[in-house]
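What follows is a set of notes on a single structure, which appears directly below.
The values are calculated or read from the model by the stated rules, or taken from the named source; none is laboratory data. Note that the structure is a prediction, hence the values are computed from the model and not measured. Positions of Cβ are backbone-derived with ideal geometry, glycine not excepted, and every protein chain shown enters the neighbour counts.
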Amino acid sequence: MPLPKTESPGALQAILVSRGVRMTQQRRIILEIIETATQHLAAAQILRRAARVDPNINRVTVYRTLSLLKRQGLIDELDLLHTKGDAHFYERRPQREHMHMTCLRCGKVQELESELFDRVKGQVQRDCQFHIVVARFEMEGHCGECQKYSRTRSPSSK
């Protein structure tokens, strides 16, 4: 499942401006890349896309902007169980928390919103008197396409 479309393009910028954050042209470019992303992006991917628009954008600008967005609670940083090495990925903070499933074979990341996830969080809060601020649920396994591929290639299917 791809990332959901931004509900209102420019929303991240509007939120930051309303909070008194200075908006540079380079920051605007980075925000647009994050808002229009259809997949989870690593900082290096954000930098490559931003540099196509403005070659003067550098790694420091990208990381400072990501840090600002995290501090403001507007994006989440994910490691996706380190299935892709030590890389970290970024996504807009969704309206509703969701699970991430990463395929060990092809690397595809799928997202799932689930009432079950919401119920588990509720049970943790009730049973443990624990106030959840952020909940992450990440799984790794094999996506449907890779399972089909494995079945057609396995010796028992011949």
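Mind checking which residues of region 35-72 are closer than 22 Å to Val21 by Cα and touching an Asp or Glu at 6+ places or on another chain (Cβ under 8 Å)?
Leu66, Lys70
When residues of region 22-52 are filtered for being over 19 Å from the mean Cα position of the chain (by Cα) and loosely packed, with under 15 Cβ neighbours inside 10 Å, how many remain?
Number of matching residues: 5.
If you take the residues in region 113-156 that are in contact with a helix residue (DSSP H, G or I) (Cβ under 7 Å, 6 or more places away or on another chain) and free of Cβ contacts under 8 Å to residues at least 24 places away in the same chain, which one is nearest to Leu78 (Cα to Cα)?
Here the answer is Ile132.
If only one of Leu80, Leu112 is at pLDDT below 85 and at positive phi, which one is it?
Leu80
Please name all residue pairs, on different chains or six or more residues apart, with Cβ atoms under 8 Å, provided the first residue is in region 31-52 and is closer than 20 Å to Ala11 by Cα and touching a residue at least 12 places away in the same chain (Cβ under 8 Å) and the second residue is aromatic (Phe, Trp, Tyr) and buried (at least 18 other Cβ atoms within 10 Å of the Cβ).
Final answer for the pair search is Ile34/Tyr90; His40/Phe89; His40/Tyr90; Leu41/Phe89; Leu41/Tyr90; Ile46/Tyr90.
Taking Arg93 as the residue in question, decide whether it is of a type in the set (Lys, Arg), without any contact (Cβ under 8 Å) to a residue 60 or more places away in the chain and surrounded by 14 or more Cβ atoms within 10 Å (Cβ to Cβ).
yes
Conditions tested, residue by residue: (1) at pLDDT 90 or above; (2) out of contact with any helix residue (DSSP H, G or I) (no Cβ under 7 Å at 6 or more places or on another chain).
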site	(1), (2)
Pro4	no, yes
Ser8	no, yes
Ala14	yes, yes
Thr24	yes, yes
Arg27	yes, no
Ala43	yes, no
Thr61	yes, no
Met101	no, yes
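Considering only residues of region 29-41 that are touching a helix residue (DSSP H, G or I) at 6+ places or on another chain (Cβ under 9 Å) and in a helix (DSSP H, G or I), which is farthest from Lys108 (Cα to Cα)?
Out of the qualifying residues, it is Ile29.
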